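Student: Pasting a structure here, questions to come.
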Amino acid sequence: MTYDMKYEQPERIFLAQTPTPIESLDELIPGTTILVKRDDLTGTLLSGNKIRKLEFLLAEAKTLEKKRIITCGGIQSNHCRATAIAARRLGMDTLLFLRADEPPTDVSSFTGNLKLNELVGADIRFVTSQQYESRVEIMKSAAGEDDYIIPEGGSNALGAWGYICAVDEMTRQWKTPPSSIICATGSGGTLAGIIMGLQRRHLDIPAYGVCVCNDAPTFQKIVSKICNDAHERWPQLPSVAADQVNIIEGYVGRGYALSTPEELADIKRIASHRGLFFDPVYTAKAFRALLYESHRFGTRPLFIHTGGIFGLLAHS
Ligand SMILES: Cc1ncc(COP(=O)(O)O)c(C=O)c1O
């Protein structure tokens, strides 16, 4: 690049263990080398893609001298777990609104991410799926002066900086650029960051989000809005039209956080083949797009392993 990009970057608190490695899987698809960016290794309890977003979101909360973080997600939300733990490490409390139509009544039955939220002392409030539709209003009405609200998945303009910077990190790692970049898409912030990160470096590498809920038009709108909000706040970032956002459909299966026997069999196959674990909600579904439609992604696709191991452990 010809200009110094460091001055356009918002404040950041370094929380993730980076750079995460890029590993290659040669044998899964004949003639294709799959590169895996191991963002499941960004930390142990702080593992996964969410921590990259939180480096910027929690930095802003700290700068504004907020005492408590309010956020929301599914009952096994990786984002809520990463937020609760990172906030605690930075001396802040957390209030979580977790979607659950039949929440566990007894703390002793909490598992996976939910258990970690409880152990770290987050204030956990369960809401029904119907109430969750009003999550933005629910969080706003719970918030006082000392609270900082992070949207679902940490997916907004500021959170997108996590993957803008992950692109910078990857360009320092790869000698030959990959033929494409693929990630799971649940709230859109990871893909938005990747798209902006590539465009601002003028890298002509197609980025694909495999949706794990909803559909392509919904996510094209969400991702382009995150990018355009970011462009408004940091005009050096590119604006992105909805039709520039590549979303792959066909891998939602039975629905968000629901699994099919075929998906679970692929998790086992890859774990037993290479000791690489995908989670049933996000990464396994997204990786299946690569396994079953590899022709779309070229001969050196790079898959972002966005984590989710605690969700796998809670899965029965
Ligand atoms: C493990 C994992 N992978 C992928 C995603 C999707 O990322 P995003 O919400 O940025 O689309 C999430 C969260 O939604 C996640 O927890």
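Student: Does at least one position in the range 49-69 carry a residue that is under 19 Å from residue 282 (Cβ atoms) and outside any helix (DSSP H, G or I)?
Tutor: To start, the set of residues in the range 49-69 that are under 19 Å from residue 282 (Cβ atoms) comprises 49-54.
Next, only the ones that are outside any helix (DSSP H, G or I) stay: 49.
Checked against the condition, which is being under 19 Å from residue 282 (Cβ atoms) and outside any helix (DSSP H, G or I), the range 49-69 yields at least one hit.
Student: Before we move on, is residue 155 under 14 Å from the mean Cα position of the chain (by Cα) and either touching a residue at least 24 places away in the same chain (Cβ under 8 Å) or outside the structural domain of residue 32 (by TED's automatic domain parsing) (or both)? Spell out how you get there, then give the answer.
Tutor: Numbers: under 14 Å from the mean Cα position of the chain (by Cα): yes; either touching a residue at least 24 places away in the same chain (Cβ under 8 Å) or outside the structural domain of residue 32 (by TED's automatic domain parsing) (or both): yes.
Against the criterion (under 14 Å from the mean Cα position of the chain (by Cα) and either touching a residue at least 24 places away in the same chain (Cβ under 8 Å) or outside the structural domain of residue 32 (by TED's automatic domain parsing) (or both)), residue 155 qualifies.
Student: Can you name every residue in the range 260-316 that is of a type in the set (A, V, I, L, M), within 11 Å of the ligand (Cβ to nearest atom) and in contact with a helix residue (DSSP H, G or I) (Cβ under 9 Å, 6 or more places away or on another chain)?
Tutor: Keep residues of the range 260-316 that are of a type in the set (A, V, I, L, M), which gives 264-265, 267, 270-271, 276, 281, 284, 286, 289-291, 302, 304, 309, 312-314.
If we keep only those that are within 11 Å of the ligand (Cβ to nearest atom) too, we end up with 281, 284, 286, 304, 309, 312.
Hits for the range 260-316 are 281, 284, 304, 309, 312.
Student: Is it fair to say residue 39 is surrounded by fewer than 24 Cβ atoms within 10 Å (Cβ to Cβ), farther than 19 Å from residue 157 by Cβ and in contact with a Lys or Arg (Cβ under 8 Å, 6 or more places away or on another chain)? Even if it seems obvious, please write down each step before you answer.
Tutor: On the way: surrounded by fewer than 24 Cβ atoms within 10 Å (Cβ to Cβ): no; farther than 19 Å from residue 157 by Cβ: yes; in contact with a Lys or Arg (Cβ under 8 Å, 6 or more places away or on another chain): yes.
No, not satisfied.
Student: Follow-up. Could you check the range 73-91 and list, in sequence order, the residues that are more than 20 Å from residue 138 (Cα to Cα) and either away from the ligand (no atom under 13 Å from the Cβ) or surrounded by fewer than 24 Cβ atoms within 10 Å (Cβ to Cβ) (or both)?
Tutor: Passing the criteria: 85, 86, 87, 88, 89, 90, 91.
Student: Do we find a residue being farther than 28 Å from residue 174 by Cα and at pLDDT below 95 anywhere in the range 278-286? Please lay out each step first, then the result.
Tutor: The first filter runs over the range 278-286 and keeps only residues farther than 28 Å from residue 174 by Cα, leaving 280-281.
Filter once more, keeping what is at pLDDT below 95: none.
No, the range 278-286 contains no residue that is farther than 28 Å from residue 174 by Cα and at pLDDT below 95.
The values are calculated or read from the model by the stated rules, or taken from the named source; none is laboratory data. Predicted model, so just to flag it, every value in this text is computed and none were measured. Every residue, glycine as well, gets a Cβ built from its backbone with ideal geometry; the counts of neighbours run over all protein chains shown.
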